[in-house]
Amino acid sequence: MGYYTRVLSRRADCPTLEELRAPLRVVYPDVKLTTDQPQSQSESKAPEWADLVLRHDDGLEIAAIERNMVEPGSLGAEEIAEFIDAIADGEPASAASWLTSYLPHVRAIYAFQHLAGTRERRGDEALQAVSDAIWARGEAILQADAEGFTNDSGDHILWQFADDVSGPWWMAVLRDGAWVRFQMELGDARQREAFRAGRVPDGVTIG
C-alpha cells in the first residue's frame, strides 16, 4: 500500500494541471507533473483529471496522485465511511465529533502515494507544494496515514500517531467552539495526555 497523505475537499471542482504545475516551475524546475491521459494544450487548462504522476526529470517517481470523487456508491464514498468508522473513538473526542460532521460533506479526495523520489533532491518539498496548491483553494482538510487529521486551517486535531513519535508539531483543540492553535512536543507524555483530553497543554507556544 505504501504511505499516503490526502487532501479532503468540500469542493467538487479541482485545480487544473497548469495550476498545479505553477508552484513547481520556479522552485522545482527539474520536477515534472504528468498524466497518461491524452491532452491538448487547451485541455491542460481543464480540471478533469483522475491520475497524475510527480517525478524527477530522470524519471524517478516522487508520488502517484489520485483524484476520487465522493458520490453514492463510489470508492471515495467508501473511503469517507471508513474514515468516520476509524475516528469514532478518536481523541480528542471534540475533534472526532467535528470530523464526523465535516467528512460527510467532502466531495473530492486527493490521495498522494509517497514513492522513492520523495527522499531524493527535495522531492518531498515538491510533493508538498502540489498538495498545498490543492489545499490552499479552501474548504479542505488534510489527512496522513499513522498521524491523523487537520482542521481547515491545517493544524493537527486528531491523535493517530505511533507511540514513539517525537518532535514539535502545530496542533489545535476546540475551546468554546473555536480552534486554539499551539505547538507541542509530540514525545512529551504530559503534553500528549492533555491534547488527547482536549486541553491546551501547559507551557506550550500558543499560535
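The values are calculated or read from the model by the stated rules, or taken from the named source; none is laboratory data. Small disclaimer: the values here were computed from a predicted structure and weren't measured. FYI the Cβ positions are ideal-geometry reconstructions off the backbone, even for glycines, and counts take in every protein chain you see.
Residue by residue, here is whether (1) of a type in the set (Asp, Glu); (2) surrounded by 13 or more Cβ atoms within 10 Å (Cβ to Cβ) holds:
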| position | (1), (2) |
| --- | --- |
| Pro72 | no, no |
| Gly76 | no, yes |
| Ile80 | no, yes |
| Phe83 | no, yes |
| Glu91 | yes, yes |
| Ser94 | no, yes |
| Tyr102 | no, yes |
| Tyr110 | no, yes |
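Within the range 147-164, the residues that satisfy the criterion of being touching a residue at least 60 places away in the same chain (Cβ under 8 Å) and outside any strand (DSSP E or B) are Ile157, Leu158, Trp159, Gln160. Every test in (1) touching a helix residue (DSSP H, G or I) at 6+ places or on another chain (Cβ under 9 Å); (2) among the acidic types (Asp, Glu); (3) surrounded by 15 or more Cβ atoms within 10 Å (Cβ to Cβ) is passed by Glu147 save one, and that test is (1).
Tallying residues that are of a type in the set (Asp, Glu) and part of a helix (DSSP H, G or I) within the range 192-207 yields 1.
Identify, please: which residue in the range 165-177 is out of contact with any Gly (no Cβ under 9 Å at 6 or more places or on another chain) and at pLDDT 95 or above and is, among those, surrounded by the most Cβ atoms within 10 Å (Cβ to Cβ)? Write out each step before concluding.
Quick first cut of the range 165-177, residues out of contact with any Gly (no Cβ under 9 Å at 6 or more places or on another chain) only: 168-169, 171, 176-177.
Okay, now just the ones that are also at pLDDT 95 or above, so 168-169, 171.
On the way: Pro168: 12, Trp169: 18, Met171: 28.
Here the answer is Met171.
Checked across the range 8-26, the condition of being β-branched (Val, Ile, Thr), assigned to a loop (DSSP other than H, G, I, E, B) and either modelled with pLDDT of 95 or more or surrounded by 13 or more Cβ atoms within 10 Å (Cβ to Cβ) (or both) holds for at least one residue. Residues in the range 53-108 that are in contact with a Lys or Arg (Cβ under 8 Å, 6 or more places away or on another chain) and assigned to a loop (DSSP other than H, G, I, E, B) were compared, and the one that is modelled with the lowest pLDDT is Asp57.
Looking at Arg190, Arg137, Arg119, Arg181 in this structure, which one is surrounded by fewer than 17 Cβ atoms within 10 Å (Cβ to Cβ) and not assigned by TED's automatic domain parsing to the domain that holds Met69? Quick ask: steps written out before the conclusion?
Values: Arg137 fails: not assigned by TED's automatic domain parsing to the domain that holds Met69; Arg119 fails: not assigned by TED's automatic domain parsing to the domain that holds Met69; Arg181 fails: surrounded by fewer than 17 Cβ atoms within 10 Å (Cβ to Cβ).
Going through Arg190, Arg137, Arg119, Arg181 in turn, just one is surrounded by fewer than 17 Cβ atoms within 10 Å (Cβ to Cβ) and not assigned by TED's automatic domain parsing to the domain that holds Met69: Arg190.
The residue pairs whose first member lies in the range 165-181 and is in a loop (DSSP other than H, G, I, E, B), whose second member is surrounded by 17 or more Cβ atoms within 10 Å (Cβ to Cβ), and whose beta carbons are closer than 6 Å, counting only pairs six or more residues apart or on different chains, are Val165/Leu186; Ser166/Leu186; Gly167/Leu186.
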